[in-house]
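Please read the structure below before turning to the comments.
Read-outs throughout are calculated quantities, based only on the coordinates presented, and are distinct from any laboratory measurement. Not measured: the values here are computed from a predicted model. Virtual Cβ from ideal backbone geometry, glycine too; neighbours counted across all protein chains shown.
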C-alpha cells in the first residue's frame, strides 16, 4: 500500500523592481560602510595618524563629479 501525499508548493515571492534595487543598494552600502570602518579602525589600532584625511577623498570618489 503506497501513500500518495499531495505536496503543496508555494510560489516563490516576487519582488518589485524598486524593492530589488533598494535591497541591492542597502547591501552594497553596508559592505562599503563595513569595509571603510575596518580600514579606519585598523589605522587607529596601529596608531597611524591622518586617517581622517581620506574622508575628503572618499567623498569625491563616492559622488558624481559632473563638472
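So, in nm, how far is label residue 28 from label residue 8 when the simple model puts each one 7 Å beyond its Cα toward the Cβ?
For residue 28 paired with residue 8, the spin-label model returns 4.0 nm.
Taking 0.36 nm per intervening residue step and subtracting the Cα-Cα distance, what contour gain separates residue 40 from residue 21 on full extension?
Taking 0.36 nm per residue and subtracting the Cα distance, the gain is 4.0 nm.
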